[in-house]
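Inspection log for the structure reproduced underneath, given as structure tokens.
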Amino acid sequence: MGGALGVAVPLRSGGAILEHALLAAALLADRARASRARPPTRRGAPRRIGAPPRPAGSVTREDVVQLVDRLFRTDEWRTVPNAITAVRLLLLPVFVVLVVGAHYWSSLLVIAVVFFTDFLDGFVARRTGATSELGRWLDPVADRLTVIVVMVSLALGDLLNWPVVVLILLPDVLLSLYALVRFGGAPFPVTRVGKVRTALIFVGLLMLLVGHAAVDQWRGVAGSEGLDVAGQVMILVSAFVLLLGLIGHYVAAVIYGRALVARHREDRRAG
């Protein structure tokens, strides 16, 4: 599965862009929750003098201060689970560099550590009770970011077609934006279909990486023809697994979308 575009996307200042995007998303979510918590204003009520309405979606210094207070000052954020999550995030750029540089076996080792830390931070938090507001906010962000980084890395390394990346990301982006605007980004319970599709997509991506690693190492090596063929077969099987995951992805998107619409209707009837 060669890359459809084969374009090296500049990665400079990507971290800064991501940081601002995550901060803006968190602020918009807080704004939406606060607006739902306030009682509705009577139509025709006089507006407070000297306080012009803020534009929708605007972010002020006060919003930033409140977000920082909530994440870093409401409780102890310097916990072992948060440190593990930070290590997971720091390993993602390493994975990108390794995949783009065709160091496939090394990238597999890094992504294995990333997946292990994803399990480890939750395990430590449950066993020690070291939970925090920052951890509750950061862990799901790290999960989604891991999925995005893995797919984009494979596309940048010409191992995955860009249209596949777009097809996988599109439902998540649209549903997340709708949930953010309407419900302040409140999460929905994970369904069985959602768990299965996530497992299929991850297994397909890892099989794709392992297959290319095998082909890259053993193609043309005397006596290793069987390993080369096994790698090629794994690449073909990974395409089938990704196809199943993509189908499940859109089935799950329909389920989540219907849940969002149903909740929106309930809120309208209640309001």
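Looking only at residues in the stretch 222-271 that are hydroxyl-bearing (S, T, Y) and modelled with pLDDT of 80 or more, the one that is nearest to W162 (Cα to Cα) is S238.
Each residue in the stretch 150-190 was checked for being on the phi > 0 side of the Ramachandran plot, at pLDDT below 90 and more than 15 Å from the chain's Cα centre (by Cα), and 1 of them qualify.
Residue pairs whose Cβ atoms lie under 9 Å apart, separated by 6 or more positions or on different chains, with the first residue in the stretch 196-221 and in contact (Cβ under 8 Å) with a residue 40 or more places away in the chain and the second of a type in the set (D, E, K, R), are Q217/D228. If only residues of the stretch 102-115 that are without any contact (Cβ under 8 Å) to a residue 24 or more places away in the chain and small (G, A, S) are counted, the one that is surrounded by the most Cβ atoms within 10 Å (Cβ to Cβ) is S106.
Taking R219 as the residue in question, decide whether it is assigned by TED's automatic domain parsing to the domain that holds R263, modelled with pLDDT under 85 and under 25 Å from V100 (Cβ atoms).
When the stated conditions are applied, R219 passes them.
Quick one: what pairs do we get from the stretch 116-144, first residue within 13 Å of A83 (Cα to Cα) and at pLDDT below 80, second in a helix (DSSP H, G or I) and among the aromatic types (F, W, Y), C-beta under 8 Å, 6+ apart or different chains? Every condition considered, the pairs that remain are L134/F72.
The values are calculated or read from the model by the stated rules, or taken from the named source; none is laboratory data. A quick note: this is a predicted structure, and the numbers were derived from the prediction, not measured. Methodologically, a virtual Cβ is constructed for each residue, glycine included, from the backbone with ideal geometry; neighbour enumeration extends over all protein chains shown.
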